[in-house]
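The values are calculated or read from the model by the stated rules, or taken from the named source; none is laboratory data. Just so we're clear, the structure is a prediction, and the values are computed from it rather than from any experiment. Because the Cβ atoms are built from the backbone with ideal geometry, glycine has one as well, and the counts that use them run over all protein chains shown.
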Amino acid sequence: MEKYIDMQMPLTSLDHNELSEELNNLTALERISWAYNQLGDGLFALTSAGVDSALMVEHVAKSNLPISFIFLNTGFLPKETLVFKDELTSKYGVQILEVGPSQEEIEIIRHKNLWETDLETYTRITKLEPLSRAIEEYGITGLLSAVRSDQTENRSSLNIIGTGNDGELRINPFLDWSQPMIDAYFTEQKLPRNSLFSKGYGSVEDAHTMKPGANRQGRARMECGLHLVDGKLVRQKPKAEFSQPNSRRI
């Protein structure tokens, strides 16, 4: 692609629609390479070490680009997720940087049961503030995210290129992938999954808020809190049906 981002421009002034249209013609791996060509060492990736997380990790490893991952350890993750995070690091040789709330904050959350009494504050302390600190500390100007348009109503309105709450670019290389496409890719490439998947968890989050269920049905909230609308956490029901994206090169 010939279009380059002028990083001297305010990120909010970028024409994300136009860029996303151009990126529609690229594969997920090409989108990741394009993003690195634009942002260089300022490009990082998010990983939750969740059910489908090997997809992003495998693609980044395959790109042979020095892209590090940010892993948000809320202090309340199931042990299976922490084990899987280490498995991904070992198998693919990527760097995964762990960030999260302080031990003092974790104790306050536990004492007040914030996940039940104040979801907004809980999400802010465990995810949003640690991510903001990481963005500042590591000089992050762009984040790769594995969100997909078929996951929630909010995500169905996202573009391949967007802007995060801290002004960083958000690049969603798998936005137009469907769950069947992902399942087929996992089978073909023999990608590993979080062991909770075999126990009926279609999606994983904090241990005290999740339960078994297909796709994101077992989550206490459909949105994890990192992909917001106007800076606010979106509580919503899962979208019943999504139009399936056209078959594309992967």
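Among the residues of the stretch 1-19, write down those that are in contact with a strand residue (DSSP E or B) (Cβ under 7 Å, 6 or more places away or on another chain) and modelled with pLDDT under 75.
Listed by number, the residues that qualify are 11, 12, 16.
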Wholly within the stretch 111-180, helices (runs of 4 or more DSSP H) carrying at least 1 residues that are more than 14 Å from the chain's Cα centre (by Cα) and under 21 Å from residue 43 (Cβ atoms): 129-138
Look at the stretch 48-99 and say how many of its residues are among the hydroxyl-bearing types (Ser, Thr, Tyr) and at pLDDT below 95. 4
Taking the options 76, 69, name whichever one is under 16 Å from the mean Cα position of the chain (by Cα) and aromatic (Phe, Trp, Tyr). 69
Among the residues that make up the stretch 196-204, is at least one of them part of a loop (DSSP other than H, G, I, E, B), under 30 Å from residue 133 (Cβ atoms) and within 15 Å of the chain's Cα centre (by Cα)? yes
When restricted to 142, 100, 93, the only residue of a type in the set (Gly, Ala, Ser) and under 21 Å from residue 193 (Cβ atoms) is 93
Breaking point among (1) surrounded by fewer than 18 Cβ atoms within 10 Å (Cβ to Cβ); (2) assigned to a loop (DSSP other than H, G, I, E, B), for residue 74: (1)
Of the residues that sit in the stretch 77-93 and are assigned to a loop (DSSP other than H, G, I, E, B) and not aliphatic (A, V, I, L, M), which one is surrounded by the most Cβ atoms within 10 Å (Cβ to Cβ)? 78
Considering only residues that are of a type in the set (Ser, Thr, Tyr), closer than 30 Å to residue 103 by Cα and surrounded by 18 or more Cβ atoms within 10 Å (Cβ to Cβ), which ones fall in the stretch 24-71? 47, 48, 53
Which of (1) within 18 Å of residue 93 (Cα to Cα); (2) assigned to a helix (DSSP H, G or I) is the odd one out, the single condition residue 22 does not satisfy? (1)
Is there a residue being of a type in the set (Gly, Ala, Ser) and at pLDDT below 90 anywhere in the stretch 27-40? no
Does residue 174 satisfy the condition of being among the aromatic types (Phe, Trp, Tyr), under 25 Å from residue 25 (Cβ atoms) and either touching a Leu at 6+ places or on another chain (Cβ under 7 Å) or free of Cβ contacts under 8 Å to residues at least 60 places away in the same chain (or both)? yes
